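Visitor: Take this structure, written in structure tokens, and hold onto it; I'll ask about it next.
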There are 2 protein chains.
Amino acid sequence: MIHSAFDQWRSDVVARVNSGLTDCLPDESVIPKTLHQAMHYAIKSPGKRIRGLIACASGDLFAGNIAQVIHGAVAIELIHAYSLVHDDLPSMDDDDLRRGQPTVHAAYDEATALLVGDALQPLAYNVLANQSNKLSSETRLLQIDLLSAASGSNGMVGGQAIDLAQIGTTMSQSELELMHSKKTGALFTASAEIGAICGPEYNQLFEKQLKLYAQQIGLGFQVVDDILDAVSSTEILGKSAGKDLRDNKPTYVTLLGLKRAKQVANELAELAEQTLRELPRRGGYLSDIASLIFNRDY
Amino acid sequence: MIHSAFDQWRSDVVARVNSGLTDCLPDESVIPKTLHQAMHYAIKSPGKRIRGLIACASGDLFAGNIAQVIHGAVAIELIHAYSLVHDDLPSMDDDDLRRGQPTVHAAYDEATALLVGDALQPLAYNVLANQSNKLSSETRLLQIDLLSAASGSNGMVGGQAIDLAQIGTTMSQSELELMHSKKTGALFTASAEIGAICGPEYNQLFEKQLKLYAQQIGLGFQVVDDILDAVSSTEILGKSAGKDLRDNKPTYVTLLGLKRAKQVANELAELAEQTLRELPRRGGYLSDIASLIFNRDY
């Protein structure tokens, strides 16, 4: 079985992110034990670590040292992990299954899931403030600035609020895009920037294309998600399939139909490749990550 | 009517904290509007801003510039505000009244309240990373380190988890103290440190006494809270009185009885004053804040 350079790099990065996540959490035996066990349960959910990969590919593209970039990747994945735990809560998407396993509130209880999310969030900023392989203080503050802006009410949480408000209503394609640009795009963009600023070869001339790429794959990620939700089985997805339709949520498939949604995904894949041509090494591993996102089946 | 120097200083600081809170939030007209309105609603709840006052008094004690110290005070109050919104949720304390007004989930809905808390939290770190009157990058990183550690699973959220786990059980006085040292003490201690490190006259020789003071008044705050919950009316408290007993929560009053609980409060007030004697100016406004905490009736 032949592994590409990307496959090897990806497997190394995912292992580093997973170790980083485990290492920054208090041990499961530390009081309060149930909370710490549930935090470990949340971060051990077998995710694809796409955001961490984006940060590391972006750092690699500009000659960043992986031992320094990894802190940013871990912090981003902590924010993503907390957001999944809260999104699954009964008052939100009310989902009992995530990545083939019971969600945190299903495995523990609702209060514990709330507190798990509330505790994972500050840990992300703690990881950025306290780095073992230190970036300059200015770079670390900029990482904290980018991550906190992307995950707040003008970013990820704002997108989630728009999502909730739109259940049962009709959205235009541009409204759907605004929602996803916040809900997913903001953290994808922050991931690319948080990694890039670790690299000595990065400069602001690349910023526009880097952010554009991140928005394109962020949107692509959601279109593919909507397609998979409509066509896949719960078994393959590892989460409840067909749920968007049952929940009466506007998606690219309900808005455009399956055929046109697939076309939109292909168009976004094309656009992302075009954007990457204006970056060094045609985006390096960022290009492989785009392929991963557009060709995934779960 | 004569105002003491402390009263004037306090009124100025509270006004600065309140402006800082309003200014760092996106305007209520920014999309998603309901989320931003609910965030403003949450921070406008008429709190005593004790944690912000501790930070500013601590900064003042070591000759910190209030225009620089205030960022830390605002960040701490954002964390405190988010914690109240989440603590009041149905899956937690399930309280509809806070400071005489409907809680966020009662005024809006549960999902909005969850997202308000989730969005206030990163804003705190954004305020510390982006300061208009800048402290050194190293000081800002240390503030972020202190705040994130104090509000996570080994601090405030950990205390909340212990609290939830103990409902209906019997706790010893030392277990109750451990819970409160995390639930309230951790953020009080971080407040004192976050303010102190802004001051050029601060050095680590003062750290031990400063932290001890913060733990003593943090614990005192809880003992007084338990006493008030047992003896006051809902009208005076602005929150549901007698709720601890109905919720079968261990408190200083249920554990020690009212008379002994009052003695413990007096002892803590004495200890805090003793601790302050080893700090410059006998603690300056930190001493007035201790009086405020031990003599409050709501």
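The values are calculated or read from the model by the stated rules, or taken from the named source; none is laboratory data. What you see is a predicted model, and the numbers here were worked out from it, not measured in a lab. Cβ: placed from backbone, ideal geometry, glycine included. Neighbour counts: every protein chain shown.
Visitor: Taking region A:22-51 as the search range and keeping residues that are away from chain B (no Cβ under 14 Å) and buried (at least 19 other Cβ atoms within 10 Å of the Cβ), which one is farthest from residue A:99 (Cα to Cα)?
Guide: In this case the residue turns out to be A:51.
Visitor: Is there any pair linking a residue in region A:1-15 that is within 19 Å of residue A:290 (Cβ to Cβ) to one that is at pLDDT 95 or above and assigned to a loop (DSSP other than H, G, I, E, B), with Cβ under 8 Å and at least six apart or on different chains, and which?
Guide: Between residues of region A:1-15 that are within 19 Å of residue A:290 (Cβ to Cβ) and residues that are at pLDDT 95 or above and assigned to a loop (DSSP other than H, G, I, E, B), the close pairs are A:13/A:49; A:14/A:49.
Visitor: Here is a follow-up. I'm told residue B:264 meets every condition in (1) of a type in the set (Val, Ile, Thr); (2) under 20 Å from the mean Cα position of the chain (by Cα); (3) at pLDDT 70 or above except one. Can you identify the failing condition by its number?
Guide: (2)
Visitor: Sticking with this one: Of the residues B:88, B:93, B:109, only one is closer than 22 Å to residue A:39 by Cβ and within 13 Å of chain A (Cβ to nearest Cβ); which?
Guide: Details: B:88 fails: closer than 22 Å to residue A:39 by Cβ; B:109 fails: closer than 22 Å to residue A:39 by Cβ.
Matching residue, one of B:88, B:93, B:109: B:93.
Visitor: Still on this model: Only one residue in B:63, B:5, B:75 is buried (at least 24 other Cβ atoms within 10 Å of the Cβ) and either closer than 24 Å to residue B:210 by Cα or within 14 Å of chain A (Cβ to nearest Cβ) (or both), so which one is that? So that I can check it myself, show each step before the final result.
Guide: Details: B:63 fails: buried (at least 24 other Cβ atoms within 10 Å of the Cβ); B:5 fails: buried (at least 24 other Cβ atoms within 10 Å of the Cβ).
Of B:63, B:5, B:75, the one residue that is buried (at least 24 other Cβ atoms within 10 Å of the Cβ) and either closer than 24 Å to residue B:210 by Cα or within 14 Å of chain A (Cβ to nearest Cβ) (or both) is B:75.
Visitor: Quick check, is residue A:55 away from chain B (no Cβ under 13 Å) and touching a Ser or Thr at 6+ places or on another chain (Cβ under 7 Å)?
Guide: Against the criterion (away from chain B (no Cβ under 13 Å) and touching a Ser or Thr at 6+ places or on another chain (Cβ under 7 Å)), residue A:55 qualifies.
Visitor: Shifting gears a bit: Can you pull out the residues in region A:221-252 that are part of a helix (DSSP H, G or I) and either at pLDDT 85 or above or of a type in the set (Gly, Ala, Ser) (or both)?
Guide: A:221, A:222, A:223, A:224, A:225, A:226, A:227, A:228, A:229, A:230, A:231, A:252
Visitor: Taking the criterion of being touching a His at 6+ places or on another chain (Cβ under 8 Å) and of a type in the set (D, E, K, R), would at least one residue in region A:43-58 satisfy it?
Guide: yes
Visitor: Which of (1) under 18 Å from residue A:130 (Cβ atoms); (2) in contact (Cβ under 8 Å) with a residue 12 or more places away in the chain is the odd one out, the single condition residue B:170 does not satisfy?
Guide: The failed condition is (1).
Visitor: Just to confirm my filter: which helices (runs of 4 or more DSSP H) fall fully inside region A:1-80 and include at least 2 residues that are polar (S, T, N, Q)?
Guide: Result: A:5-24, A:33-44.
Visitor: Just to verify a result, which residue in region A:189-210, among those that are not in a helix (DSSP H, G or I) and not β-branched (Val, Ile, Thr), is farthest from residue A:138 (Cα to Cα)?
Guide: So the residue we want is A:201.
Visitor: Take region A:145-159 and flag every residue that is within 13 Å of residue B:144 (Cβ to Cβ) and either more than 8 Å from chain B (Cβ to nearest Cβ) or of a type in the set (Gly, Ala, Ser) (or both).
Guide: Filtering region A:145-159 down to residues within 13 Å of residue B:144 (Cβ to Cβ) leaves A:145, A:147-148.
Of everything in region A:145-159, just one residue is within 13 Å of residue B:144 (Cβ to Cβ) and either more than 8 Å from chain B (Cβ to nearest Cβ) or of a type in the set (Gly, Ala, Ser) (or both), namely A:148.
Visitor: Still on this structure, I have one more. Select the helices (runs of 4 or more DSSP H) contained entirely in region B:95-160, then report the ones holding at least 2 residues which are in contact with a Gly (Cβ under 7 Å, 6 or more places away or on another chain).
Guide: On the way: elements: B:104-107, B:110-129, B:137-151.
Ranges flagged: B:110-129, B:137-151.
Visitor: Is it the case that residue B:114 is at the interface with chain A (Cβ under 8 Å from one of its Cβ atoms), surrounded by 24 or more Cβ atoms within 10 Å (Cβ to Cβ), more than 18 Å from the chain's Cα centre (by Cα) and at pLDDT 95 or above?
Guide: So residue B:114 passes the test.
Every residue, every condition in (1) β-branched (Val, Ile, Thr); (2) modelled with pLDDT of 95 or more, yes or no:
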| position | (1), (2) |
| --- | --- |
| A:170 | yes, no |
| A:175 | no, no |
| A:209 | no, yes |
| A:219 | no, yes |
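Visitor: Take residue B:186 and tell me if it is of a type outside the set (Asp, Glu), within 14 Å of chain A (Cβ to nearest Cβ) and assigned to a helix (DSSP H, G or I).
Guide: Yes.
Okay, residues lined up against (1) under 19 Å from residue B:67 (Cα atoms); (2) touching a Leu at 6+ places or on another chain (Cβ under 8 Å):
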site: B:4; (1), (2): no, no
site: B:10; (1), (2): yes, yes
site: B:18; (1), (2): yes, no
site: B:34; (1), (2): no, no
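Yes/no matrix, rows are residues, columns are (1) within 17 Å of the chain's Cα centre (by Cα); (2) crowded, with 19+ Cβ neighbours inside 10 Å; (3) at the interface with another protein chain (Cβ under 7 Å from one of its Cβ atoms):
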site	(1), (2), (3)
A:125	yes, yes, yes
A:129	no, yes, yes
A:132	no, no, no
A:135	no, yes, no
A:143	yes, yes, no
A:161	no, yes, yes
A:168	no, no, no
A:173	no, no, no
A:182	yes, yes, no
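Visitor: Given the conditions (1) facing chain A (nearest Cβ under 7 Å); (2) hydroxyl-bearing (Ser, Thr, Tyr); (3) buried (at least 21 other Cβ atoms within 10 Å of the Cβ), report the number of the one that residue B:103 does not fulfil.
Guide: (1)
Visitor: Further question: Filter region A:111-146 for residues that are without any contact (Cβ under 8 Å) to a residue 60 or more places away in the chain and polar (S, T, N, Q) and give the result.
Guide: Within region A:111-146, A:121, A:130, A:136, A:137, A:139 qualify.
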